[in-house]
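J.: Before I ask anything, let me first share the structure, which is written out below as structure tokens.
The values are calculated or read from the model by the stated rules, or taken from the named source; none is laboratory data. Predicted, not measured: the structure shown is a model, and the values here were computed from it. Here Cβ is always computed from backbone atoms with ideal geometry, including for glycine, and neighbour counts include all displayed protein chains.
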Amino acid sequence: MSYWTAGICALALEANPSLTWRDMQYLVVLTSRPAPLEAEPGWIVNGVRRKVSHKFGYGLMDAGALVTLAEKWTTVPPQHICKSQELTEDKQIPPAYGTTLNFYMDVDACSGTLNEVRFLEHVQCKISLRFFPRGNLRVLLTSPMGTTSTLLFERPRDIVNSNFDDWPFLSVHFWGEKAEGRWHLQIVNAGNRHVNQPGVLKKWQLIFYGTSVNPVRLRPTNGARSTPWKSPLNTFTFPTQSQPVTQVTDNFFDADNIFKGLNNFPNVYSFAASDPEAAVSSLDGKKVRDNENNIDADEETKENCDDQCDDQGCFGRGPTKCIACKNKRMDKTCVSTCPPRSYSDSQGICQPCHEACETCTGPDQKSCLSCSPGHVRVIDLDICLQQCPEGYYENFADKTCIPCQPNCAGCQDHPDHCTSCDHHLLLYQNRCLASCPTNTYETDDYGCAGCHESCETCTGSNSSQCISCLSGHFWHEGRCVKECPAHHYADTHQRECIECPPGCSECNKTTCISCLDDWKVNSKGRCVSQNSERCDVDQYFDSGLCKPCHSTCDSCDGPTEKACISCASPLILQGTRCVGKCEKGFFNERGSQLCEPCLHTCARCMGKTNCTECKTGLQLQSGECRTTCSPGYYSDKGLCMRCYMSCRTCSGPGQDQCVGCPSGWQLLSGECRPDCPEGYYKTEYGCQKCHYSCRNCAGCNMQEGKRKINVEALLLSAQPVSTLQIINPFNFITGLAIIACLCIIILFITIFIILQRNSIQAQQRGYSRVSIKKPKVTCNYNVVAVSDGDSSDSDSSEGHNLITPKPQRTAC
């Protein structure tokens with residue numbers, strides 16, 4: 001928000017301090033002017049004939065018009081939230097450029113329910129889809145009145161490989177339109193980046209925010225106060241005199257009369273107001289003398305007054321003629337108790353509860369004792385809402401919102417029945433995990449799916465995507481087979497098929513068992529050509545002649561560098577080539593002249609069981625490449641690092657990054673604790689928060705018992721009670737101690753003032769007669785007696801001395 005915008009809003013609030021944030025939204029929408037910006041492209045006219053732009057909104061803010069309208073503005077009615085059904089589509093988004101996917105939803109805007117929305121404020125579209133790159137997508141939503149709003153533009157730099165999971169897209173372009181009808185969602189592949197595979201739209205849902213009644217009402221020009229909005233849930237109303245409804249006109253910006261109506265959409269909003277409540281209240285808020293009655297004509301009396309009048313008397317018969325009320329006051333009438341859906345304030349005046357409250361002790365949502373129909377109670381926050389917030393699930397039996405267990409972003413039916421997870425966690429069988437368990441793999445939408453039945457670990461669901469195999473199976477080219485193919489042997493320890501050396505038809509880990517045709521096993525256990533004995537070691541036999549091997553080969557079966565059978569030191573044999581150093585994916589055992597292949601999961605290794613680098617997508621832990629890190633470790637750029645010591649599983653190194661805890665420990669805000677801290681209580685799902693007013697609590701049952709307040713008892717408590725009834729022993733003793741301390745302080749102050757006063761009076765009277773005895777010393781001083789006359793004025797001059805020394809003194 002700019003300084004100019006903040007200043008305009010401040011002026012509006014100064015003109016009308018009762019404005020809410022929703023009121024400010026209405027004022028901005030109704031008074032903004034598109035005319036100065038109409039030359040810019042992108043303007044559309046929505047269903048209520050109001051111009052709107054993705055770039056400029058509803059136009060430039062008009063400070064004068066906004067403040068003037070604010071002076072007449074009446075607070076809008078309560079906001080309703082209507083959720084549509086959640087449509088599960090599971091339809092592919094084609095990868096071809098320019099393709100469009102169309103979806104439709106018919107909604108009734110919760111008609112006939114407490115959440116009905118007839119006048120829209122804003123619309124939220126929650127979408128779950130997978131597409132890469134997601135920056136290619138453009139998403140559009142069209143209302144039943146024909147307004148199309150672009151919820152998402154294509155973004156060339158957005159190449160993040162992440163999904164939109166219940167992602168809320170919001171639009172205010174439908175302001176004032178009706179919600180009921182057919183809504184049209186379009187998903188367009190409009191970007192220029194290449195798409196390798198199709199995406200998928202999983203599900204979408206619409207959430208409408210608005211009102212069930214006309215939201216725009218203005219005060220009449222005579223300055224009378226408008227009728228306060230009343231919740232339709234209340235069974236009682238405050239008496240007022242209704243004014244006729246004024247229809248909206250088209251000349252909102254008429255220079256002669258700027259506020260004759262609102263522009264651009266006739267018959268969508270209308271104005272209504274009422275006369276002021278004519279009453280005079282005393283300072284205590286309880287006197288209810290009516291201005292409409294001739295007060296001077298009535299005489300005060302204490303006879304024949306209504307039972308609800310106090311000892312001061314009345315001006316006539318009936319509870320409306322009381323000078324002051326004995327119990328409570330509702331509007332101009334004295335009553336014994338406040339009616340339902342209201343509460344008594346500090347002055348004994350009945351005030352309406354918040355619309356979310358059925359019974360209450362104050363004006364806000366946190367003062368509810370019970371919730372209105374269509375509302376649910378969030379038990380740990382002790383607040384009533386129309387729907388459970390994120391991280392809670394609704395218990396339909398008692399209409400409460402119960403917090404999900406830690407790590408669950410959403411849950412259903414039970415705290416541990418997760419439907420979505422916190423960031424970086426994976427959803428599997430309604431649990432949120434740091435990594436997928438054995439026999440599963442991580443999907444693109446942060447879930448875990450099962451591997452093929454032959455795989456122990458995998459990267460996908462196909463039989464060709466195995467990483468490791470179950471017992472009795474061996475890995476070969478991505479598959480797990482029961483028997484290795486020809487020219488391979490089965491490594492039972494690593495559960496993989498390893499290719500035999502050249503010329504071998506059957507082998508084991510160390511030697512060739514049988515050779516191909518025209519080959520034989522030599523003394524070193526290797527297969528060599530049958531005619532190799534006719535030629536020297538560094539020659540091979542071909543067409544009846546011995547021909548030299550390649551210079552890198554010690555022995556060979558052909559002329560090229562890829563036909564070596566053995567190598568001369570210091571070269572080592574890698575497959576059929578002699579190399580100075582084993583290449584990536586191979587290792588050389590000490591003392592051997594042979595490069596052996598690493599395990600199929602390793603990109604580099606120093607031994608068969610000592611990987612130093614893993615293939616893409618695998619994690620390196622203690623020389624082993626795994627699909628997921630072991631419990632107690634987390635993945636950091638392909639390396640498995642140890643979790644914090646109190647975590648059983650984790651998503652990072654921090655103390656507050658635990659995902660699972662050791663047995664008996666409790667998870668709270670990412671930390672594993674031996675017990676729940678103050679303000680929380682222990683459950684089988686972890687630490688749950690106590691009621692907000694509790695410092696500590698024994699358990700959920702105690703909380704629920706605390707919340708199940710006897711409403712009848714509360715209403716009875718609204719009756720006048722004696723002071724002793726509302727004082728508990730602790731408060732009584734504390735009060736006595738405070739009073740005693742104050743009394744002691746006052747006593748000390750009184751004594752100090754009396755002593756100070758006596759001292760001042762003594763100084764004003766002068767010295768009294770004194771007699772000085774002869775000192776019992778041998779010093780030579782002359783003692784002079786003081787006369788009566790001198791004693792009275794001894795203070796008046798400086799020349800009077802009671803003791804005068806001799807001119808010549810002798811030291812004592």
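J.: Have a look at Cys432, Cys401, Cys388 and point out the one that is surrounded by 18 or more Cβ atoms within 10 Å (Cβ to Cβ) and assigned to a loop (DSSP other than H, G, I, E, B). It would help to see each step written out before you state the result.
T.: Details: Cys432 fails: assigned to a loop (DSSP other than H, G, I, E, B); Cys401 fails: assigned to a loop (DSSP other than H, G, I, E, B).
When all the criteria are applied, what remains is Cys388.
J.: Okay, next question. If the Cβ limit is 7 Å and pairs must be 6+ apart or interchain, which residue in segment 408-435 that is among the polar types (S, T, N, Q) pairs with which residue that is part of a loop (DSSP other than H, G, I, E, B)?
T.: Listed pairs, sorted by first residue: Thr419/Gln412; Asn430/His417; Ser435/Thr628; Ser435/Cys629.
J.: In this structure, does Asp108 turn out to be crowded, with 19+ Cβ neighbours inside 10 Å and modelled with pLDDT of 90 or more?
T.: On the way: crowded, with 19+ Cβ neighbours inside 10 Å: no; modelled with pLDDT of 90 or more: yes.
Judged against the criteria, Asp108 is not a match.
J.: I'm trying to understand the selection: among the residues of segment 310-344, which are assigned to a strand (DSSP E or B) and over 30 Å from Cys368 (Cα atoms)? Talk me through it step by step, then tell me what you get.
T.: First, pick out the residues of segment 310-344 that are assigned to a strand (DSSP E or B): 314, 322, 325, 328-330, 333-335, 342-344.
The answer is Cys314, Cys322.
J.: Is it true that some residue in segment 676-683 is modelled with pLDDT under 90, of a type outside the set (Val, Ile, Thr) and in contact with a Gly (Cβ under 7 Å, 6 or more places away or on another chain)? If you could, list the steps in order and put the result at the bottom.
T.: Quick first cut of segment 676-683, residues modelled with pLDDT under 90 only: 676-683.
Filter again for of a type outside the set (Val, Ile, Thr), leaving 676-682.
Then keep just the ones that are in contact with a Gly (Cβ under 7 Å, 6 or more places away or on another chain); that gives 681.
Scanning segment 676-683 turns up at least one residue that is modelled with pLDDT under 90, of a type outside the set (Val, Ile, Thr) and in contact with a Gly (Cβ under 7 Å, 6 or more places away or on another chain).
J.: Asn439 fails exactly one of the following numbered conditions: (1) closer than 30 Å to Pro653 by Cα; (2) surrounded by fewer than 17 Cβ atoms within 10 Å (Cβ to Cβ); (3) in contact (Cβ under 8 Å) with a residue 24 or more places away in the chain. What is the number of that condition?
T.: Condition not satisfied by Asn439: (3).
J.: Restricting to segment 327-362, give me the number of residues that are in contact with a Pro (Cβ under 7 Å, 6 or more places away or on another chain) and of a type in the set (D, E, K, R).
T.: Adding up the residues that qualify gives 3.
J.: Would you be able to tell me the number of residues in segment 539-562 that are in a loop (DSSP other than H, G, I, E, B), buried (at least 16 other Cβ atoms within 10 Å of the Cβ) and touching a Pro at 6+ places or on another chain (Cβ under 9 Å)?
T.: Residues meeting the conditions: 3.
J.: In this structure, does Glu453 turn out to be surrounded by fewer than 17 Cβ atoms within 10 Å (Cβ to Cβ), within 21 Å of Ser592 (Cβ to Cβ) and at pLDDT 85 or above?
T.: Numbers: surrounded by fewer than 17 Cβ atoms within 10 Å (Cβ to Cβ): yes; within 21 Å of Ser592 (Cβ to Cβ): no; at pLDDT 85 or above: yes.
So Glu453 fails the test.
J.: Additional query: State all residues of segment 348-365 that are touching a His at 6+ places or on another chain (Cβ under 9 Å) and either outside any strand (DSSP E or B) or within 17 Å of Gln79 (Cβ to Cβ) (or both); if no residue qualifies, say none. So that I can check it myself, show each step before the final result.
T.: Pass one, segment 348-365, residues touching a His at 6+ places or on another chain (Cβ under 9 Å): 355-358, 360, 362-365.
The answer is Glu355, Ala356, Cys357, Gly362, Pro363, Asp364, Gln365.
J.: I've got another one for you. Quick check on segment 85-103. Is at least one of its residues out of contact with any strand residue (DSSP E or B) (no Cβ under 8 Å at 6 or more places or on another chain) and of a type in the set (Lys, Arg)? Steps first, answer last, please.
T.: Residues of segment 85-103 that are out of contact with any strand residue (DSSP E or B) (no Cβ under 8 Å at 6 or more places or on another chain), as a first pass: none.
No, the conditions are met nowhere in segment 85-103.
J.: Among the candidates Gly607, Gly544, Gly585, which residue alone is small (Gly, Ala, Ser) and more than 30 Å from Ile467 (Cβ to Cβ)? Give the derivation first.
T.: On the way: Gly607 fails: more than 30 Å from Ile467 (Cβ to Cβ); Gly585 fails: more than 30 Å from Ile467 (Cβ to Cβ).
Just a single option satisfies the conditions, and that option is Gly544.
J.: Within segment 8-23, take every residue that is under 30 Å from the mean Cα position of the chain (by Cα) and assigned to a helix (DSSP H, G or I) and give me the one that is nearest to Val172 (Cα to Cα).
T.: Ranking the candidates gives Arg22 first.
J.: With Thr616, Thr628 as the choices, which residue is part of a loop (DSSP other than H, G, I, E, B) and farther than 15 Å from Ala434 by Cα? If you could, list the steps in order and put the result at the bottom.
T.: Values: Thr628 fails: farther than 15 Å from Ala434 by Cα.
Result: Thr616 is the single residue among Thr616, Thr628 that is part of a loop (DSSP other than H, G, I, E, B) and farther than 15 Å from Ala434 by Cα.
J.: Go through segment 485-519 and report how many residues are buried (at least 19 other Cβ atoms within 10 Å of the Cβ) and free of Cβ contacts under 8 Å to residues at least 12 places away in the same chain.
T.: Looking only at that region, the number is 0.
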